[in-house]
2 protein chains.
Amino acid sequence: MAAILEAGRRELAERGADGLSLRAVAREVGMVSSAVYRYVASRDDLLTALISEAYGAVADAAEHAASARTTPGRRFVRLCGALRTWGQEHPHEYALLYGSPVPGYHAPEATTDIATRTPRAAAALVQEAYDAGTLEVHEPGPPLGRVLAGQCAAMGEALGMSVPEPVVLRLAQAWTQVYGAISFELFGQLRNTFDPADAFAAHTFATAARHVGFTDL
Amino acid sequence: MAAILEAGRRELAERGADGLSLRAVAREVGMVSSAVYRYVASRDDLLTALISEAYGAVADAAEHAASARTTPGRRFVRLCGALRTWGQEHPHEYALLYGSPVPGYHAPEATTDIATRTPRAAAALVQEAYDAGTLEVHEPGPPLGRVLAGQCAAMGEALGMSVPEPVVLRLAQAWTQVYGAISFELFGQLRNTFDPADAFAAHTFATAARHVGFTDL
DNA sequence: CAGAATGCAAGAGCAGTGCTCTCTCTTGCG
DNA sequence: CGCAAGAGAGAGCACTGCTCTTGCATTCTG
């Protein structure tokens, strides 16, 4: 069983989700294809297991980066950098988690749950800065609107935050910016423009952090 | 030939890139699979043609939204909204263009070229606002760094802009934020949080526009 | 200790895929 | 009228996911 998962991990890392063939996995562990169906219900089942593993792996990287001994703002930037690095090292897994959803596959609740570990790590940093008073809470421009405010409140609670709703919104926006930049780079949208995207990424992560309100960069 | 392309379009829209089967396309046009190989070199070849079409379609939508009779800032926001709407109406095509790259496929230069139409439409709005003096050019915080400044200059030129490099950078960052938000929504990352994401999208597009420097929203 | 029950793997087979090769038929043109 | 070119058909190869049946070995039980 563990051997099957490990072979699946290798296949996924090398050939990607589309190329993840149950028969190839079977060959790799020295079984015939029908034999692996004793351990895994279907190809999608194996994929689900690998997705869960991958979510855990990014979260590990993110949490580790967030545990550095500096200011929350700098740890936020480090967290973003860790996401990017992980994506560069595991492009197929990143695509699986944050790219186009696979054809007929629908993530079960369990993976939806584990997927929140990473944003929770970021949220904790925001909360820490807010509590320490180093988070700049911008004067509210236009008020948020009923639905948006409600969604932000719910999201803040889900992430374990107790901050004003606009702060949650800014975090969400920064989050989309960070992932947008990483995805653009990894998916080849930045080719011929920011080709070594290191500087662009670093600058964007800092911008995102400032947008959230971090003043301790 | 045109029938094949049309059938491919339908298949792609319904079943997605992974489900795009050349045999199914053949069935749909009432041919046997080997016959369509007279018109299309391979499955990837058909996919490439469809990708080019799709790039043109988004660009059409973007340019149409950008041609409204209001201020550049508002047209920028409308453009973002058009991207989102197009993505909602053509989720599989959107995933093909901006999601995880397909397995062994590498976009030929031609599609890379047509892909710039959409960002060029956005760039034109920025240029227009800059020329009109309604674009706020933020005081430069930390200077940009050699590589980043060079990349921004090249990118600005490729997009037909003549504005300071930081403006180009801010546009690129806003761009990643916009696409990040749209992709997050379309790829299901926002489920259980911003579930009807209309308000979030609208707010984020406005935020992106302000980040670029538009003051005429 | 003998026999039954259980678990694991193999094999064959079905329906589908991309793609190639050969063959036939129709159509247009000199 | 005859010939060449093009369009489609058919068979076939190697691959995929998945199911069902069969065989073997281990383990549990009377």
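The values are calculated or read from the model by the stated rules, or taken from the named source; none is laboratory data. Everything numeric in this text was worked out from a predicted model, so none of it was measured. FYI the Cβ positions are ideal-geometry reconstructions off the backbone, even for glycines, and counts take in every protein chain you see. Surface areas here come from the heavy atoms of the whole protein model, side chains and all, with no ligands, DNA or RNA. Shrake-Rupley method; radii C 1.70, N 1.55, O 1.52, S 1.80 Å.
Criterion applied to B:Val58, B:Val25 was being among the β-branched types (Val, Ile, Thr), more than 16 Å from DNA strand D (Cβ to nearest atom) and open to solvent by less than 10 Å² (accessible area, probe 1.4 Å), and the one residue passing it is B:Val58. Here B:Thr215 qualifies as farther than 30 Å from A:Ala158 by Cα, in contact with a Ser or Thr (Cβ under 9 Å, 6 or more places away or on another chain) and polar (S, T, N, Q).
Among the residues making up the stretch B:28-55, those that are charged (D, E, K, R), away from chain A (no Cβ under 14 Å) and within 16 Å of DNA strand D (Cβ to nearest atom) are B:Glu28, B:Arg38, B:Asp45.
Quick one: would you say A:Gly81 is open to solvent by less than 60 Å² (accessible area, probe 1.4 Å), in contact (Cβ under 8 Å) with a residue 12 or more places away in the chain and within 16 Å of DNA strand C (Cβ to nearest atom)?
When the stated conditions are applied, A:Gly81 does not pass them.
Based on what the data block shows, is A:Glu128 at pLDDT 95 or above and charged (D, E, K, R)? Here the answer is yes, as A:Glu128 does meet what is asked. Against the conditions (1) in contact (Cβ under 8 Å) with a residue 60 or more places away in the chain; (2) open to solvent by 10 Å² or more (accessible area, probe 1.4 Å), B:Tyr179 satisfies every one except (2). Looking at the stretch B:189-209 only, could you name the residues that are open to solvent by less than 30 Å² (accessible area, probe 1.4 Å) and of a type in the set (Val, Ile, Thr)? Correct list: B:Thr204, B:Thr207. Here is the figure for the stretch A:1-20: residues that are surrounded by 14 or more Cβ atoms within 10 Å (Cβ to Cβ), within 13 Å of DNA strand C (Cβ to nearest atom) and not in a helix (DSSP H, G or I) total 1.
Being open to solvent by less than 10 Å² (accessible area, probe 1.4 Å) and either more than 9 Å from chain B (Cβ to nearest Cβ) or in contact with a Lys or Arg (Cβ under 8 Å, 6 or more places away or on another chain) (or both) is the filter here, so list the residues in the stretch A:160-170 that pass it. Reasoning before the result, please.
The initial filter retains those residues of the stretch A:160-170 that are open to solvent by less than 10 Å² (accessible area, probe 1.4 Å), namely A:167-169.
Once the filter is applied, which keeps residues that are open to solvent by less than 10 Å² (accessible area, probe 1.4 Å) and either more than 9 Å from chain B (Cβ to nearest Cβ) or in contact with a Lys or Arg (Cβ under 8 Å, 6 or more places away or on another chain) (or both), the stretch A:160-170 yields A:Val167, A:Val168.
Anything in the stretch B:11-30 that is more than 27 Å from A:Ser100 (Cα to Cα) and either under 25 Å from the mean Cα position of the chain (by Cα) or in contact (Cβ under 8 Å) with a residue 24 or more places away in the chain (or both)? List them, or say none. Listed by number, the list holds a single entry, B:Val29. Which residues, counting only those in the stretch A:160-187, are more than 18 Å from the chain's Cα centre (by Cα) and not hydroxyl-bearing (Ser, Thr, Tyr)? Scanning the stretch A:160-187 gives A:Met161, A:Val163, A:Pro164, A:Glu165, A:Pro166, A:Val167. Scan the stretch A:64-81 and give yes if some residue there is among the hydroxyl-bearing types (Ser, Thr, Tyr), within 14 Å of chain B (Cβ to nearest Cβ) and not in a helix (DSSP H, G or I), otherwise no. The answer is no, given that none of the residues of the stretch A:64-81 is among the hydroxyl-bearing types (Ser, Thr, Tyr), within 14 Å of chain B (Cβ to nearest Cβ) and not in a helix (DSSP H, G or I). For the residues A:Ala129, A:Ala124, the requirement of being more than 11 Å from every other protein chain (Cβ to nearest Cβ), open to solvent by 50 Å² or more (accessible area, probe 1.4 Å) and touching a helix residue (DSSP H, G or I) at 6+ places or on another chain (Cβ under 8 Å) singles out A:Ala124. Within the stretch A:186-215, being at the interface with another protein chain (Cβ under 9 Å from one of its Cβ atoms), of a type in the set (Ser, Thr, Tyr) and more than 14 Å from A:Thr176 (Cα to Cα) holds for one residue alone: A:Thr193. B:Asp113 meets the conditions (1) within 11 Å of chain A (Cβ to nearest Cβ); (2) surrounded by 14 or more Cβ atoms within 10 Å (Cβ to Cβ); (3) acidic (Asp, Glu) in every case but one. The failed one is (2).
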